[in-house]
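The values are calculated or read from the model by the stated rules, or taken from the named source; none is laboratory data. Bear in mind that the values here come from a model prediction, so they are computed numbers and not experimental data. All Cβ positions, even for glycine, are placed from backbone atoms using ideal geometry, and neighbour counts span all protein chains on display.
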């Protein structure tokens, strides 16, 4: 599970990038509030899990293809809340 704060709000998503299954928990939240894959810089909207940018670097020519295929399956998102400075999953 990838957990963090984006735009001042806590979030939790499934942990594996849709490109080559990198651990998104090792990624970071960008200035625009997206969760960025640590391997190839694919980006995800943490509110709905959708890939908003495909892989970059050597994979950039395939970014549109990745986004349209495996990237079309959003990450699973989980309801969370902030309690005493910690992020908790809620029902």
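Would you confirm whether or not region 21-38 contains a residue that is in contact (Cβ under 8 Å) with a residue 60 or more places away in the chain and surrounded by fewer than 19 Cβ atoms within 10 Å (Cβ to Cβ)? No.
When 41, 12, 63 are screened for being part of a strand (DSSP E or B), surrounded by 14 or more Cβ atoms within 10 Å (Cβ to Cβ) and modelled with pLDDT of 95 or more, only 12 passes.
Residue pairs whose Cβ atoms lie under 6 Å apart, sitting 6 or more positions apart in sequence or on different chains, and linking a residue in region 65-91 that is in contact (Cβ under 8 Å) with a residue 24 or more places away in the chain to a partner that is in a helix (DSSP H, G or I) and surrounded by 13 or more Cβ atoms within 10 Å (Cβ to Cβ), do not occur here.
Screening region 44-58 for residues that are in contact with a helix residue (DSSP H, G or I) (Cβ under 9 Å, 6 or more places away or on another chain) and not in a loop (DSSP other than H, G, I, E, B) and picking the one that is surrounded by the fewest Cβ atoms within 10 Å (Cβ to Cβ) gives 52.
In this structure, does residue 74 turn out to be surrounded by fewer than 16 Cβ atoms within 10 Å (Cβ to Cβ) and either in a loop (DSSP other than H, G, I, E, B) or more than 13 Å from the chain's Cα centre (by Cα) (or both)? Let's see the steps before the verdict.
Values: surrounded by fewer than 16 Cβ atoms within 10 Å (Cβ to Cβ): yes; either in a loop (DSSP other than H, G, I, E, B) or more than 13 Å from the chain's Cα centre (by Cα) (or both): yes.
When the stated conditions are applied, residue 74 passes them.
Take the conditions surrounded by fewer than 17 Cβ atoms within 10 Å (Cβ to Cβ), at positive phi and out of contact with any helix residue (DSSP H, G or I) (no Cβ under 6 Å at 6 or more places or on another chain) and apply them to residue 84. Does it pass? Against the criterion (surrounded by fewer than 17 Cβ atoms within 10 Å (Cβ to Cβ), at positive phi and out of contact with any helix residue (DSSP H, G or I) (no Cβ under 6 Å at 6 or more places or on another chain)), residue 84 qualifies.
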